[in-house]
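Visitor: Here it is: the structure, laid out below.
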Amino acid sequence: MSDEEHHFESKADAGASKTFPQQAGTIRKNGYIVIKNRACKVVEVSTSKTGKHGHAKCHFVAIDIFNGKKLEDIVPSSHNCDVPHVNRTDYQLIDISEDGFVSLLTESGGTKDDLKLPTDDTLLTQIKDGFAEGKDLVVTVMSAMGEEQICALKDIGPK
């Protein structure tokens, strides 16, 4: 054995899987599931009992968390489904560039400049109008499976 101590820099996402397996029968409404390689929020689950030697099946109706499309999937309840790791992070809005990208202030004091304005029109106008009025805005960024998008907005008062 060596007397040297090993120090490892740990990064939360270094080699971490974008999804984890979970038995289909245990996934509930308002949970998350991967359907057709898209991270989705489950809006409806129905379980059907099949014949003598069949499996019980779960029918999932879910909405893509990034583009709002409705997706459906039917999986035997004893089989595993992929469930995405979904993170929500709040950032303070610093600037909006002409090309549609936002500049955000992270908790560590750095900036995050790789996010576009959301495609949702109501949220887009709220962000643009609030920024034009000089309000202090905090945006909530949802990230899953390598994708990120602004999903909510909070006004924390004037600058």
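Visitor: I need a count of the residues in the stretch 73-89 that are among the polar types (S, T, N, Q) and part of a strand (DSSP E or B).
Guide: Selection size over the stretch 73-89: 3.
Visitor: Here's a check for you: in the stretch 68-82, which residue that is within 25 Å of THR140 (Cβ to Cβ) and in contact with a strand residue (DSSP E or B) (Cβ under 8 Å, 6 or more places away or on another chain) is surrounded by the most Cβ atoms within 10 Å (Cβ to Cβ)?
Guide: ASP82
Visitor: Could you tell me whether the stretch 26-45 includes any residue that is modelled with pLDDT of 90 or more, within 30 Å of GLY130 (Cα to Cα), open to solvent by less than 60 Å² (accessible area, probe 1.4 Å) and part of a loop (DSSP other than H, G, I, E, B)?
Guide: No - not one qualifying residue is present in the stretch 26-45.
Visitor: So, one more: Every residue in the stretch 127-159 that is within 14 Å of THR89 (Cβ to Cβ), open to solvent by less than 60 Å² (accessible area, probe 1.4 Å) and either touching a Leu at 6+ places or on another chain (Cβ under 9 Å) or of a type outside the set (Ser, Thr, Tyr) (or both), please.
Guide: If the condition is that a residue be within 14 Å of THR89 (Cβ to Cβ), open to solvent by less than 60 Å² (accessible area, probe 1.4 Å) and either touching a Leu at 6+ places or on another chain (Cβ under 9 Å) or of a type outside the set (Ser, Thr, Tyr) (or both), then VAL138, VAL139, THR140, VAL141, MET142, ALA144, GLN149, ILE150, CYS151, ALA152, LEU153 are the ones that fit.
Visitor: Is the stretch 47-63 home to any residue that is under 14 Å from the mean Cα position of the chain (by Cα) and either of a type in the set (Val, Ile, Thr) or open to solvent by less than 50 Å² (accessible area, probe 1.4 Å) (or both)?
Guide: yes
Visitor: Scan (1) open to solvent by less than 80 Å² (accessible area, probe 1.4 Å); (2) modelled with pLDDT under 85; (3) touching a strand residue (DSSP E or B) at 6+ places or on another chain (Cβ under 6 Å); (4) over 22 Å from VAL34 (Cα atoms) for the single condition PRO118 breaks and write down its number.
Guide: (4)
Visitor: For the stretch 106-115: of the residues being open to solvent by less than 60 Å² (accessible area, probe 1.4 Å) and of a type outside the set (Lys, Arg), which is farthest from PHE66 (Cα to Cα)?
Guide: Only one residue fits best here, namely GLY109.
Visitor: Something else about it: Looking at (1) closer than 21 Å to ILE65 by Cα; (2) open to solvent by less than 30 Å² (accessible area, probe 1.4 Å), which is the only condition SER103 fails?
Guide: Failing condition for SER103: (1).
Visitor: Output yes when any residue across the stretch 81-99 is closer than 30 Å to THR47 by Cβ and of a type in the set (A, V, I, L, M), and no when none is.
Guide: Checked against the condition, which is being closer than 30 Å to THR47 by Cβ and of a type in the set (A, V, I, L, M), the stretch 81-99 yields at least one hit.
Visitor: Within the stretch 92-113, is there a residue that is in contact (Cβ under 8 Å) with a residue 12 or more places away in the chain, farther than 20 Å from TYR32 by Cα and basic (Lys, Arg)?
Guide: Scanning the stretch 92-113, I find at least one residue that is in contact (Cβ under 8 Å) with a residue 12 or more places away in the chain, farther than 20 Å from TYR32 by Cα and basic (Lys, Arg), so the answer is yes.
The values are calculated or read from the model by the stated rules, or taken from the named source; none is laboratory data. Predicted model only: the values in this text are computed from it and were never measured. Counting neighbours? That spans all protein chains shown, and the Cβs are built from the backbone with ideal geometry, glycine included. Calculation scope for accessible area: heavy atoms of the full protein, side chains included, ligands and nucleic acids excluded. Shrake-Rupley method; radii C 1.70, N 1.55, O 1.52, S 1.80 Å.
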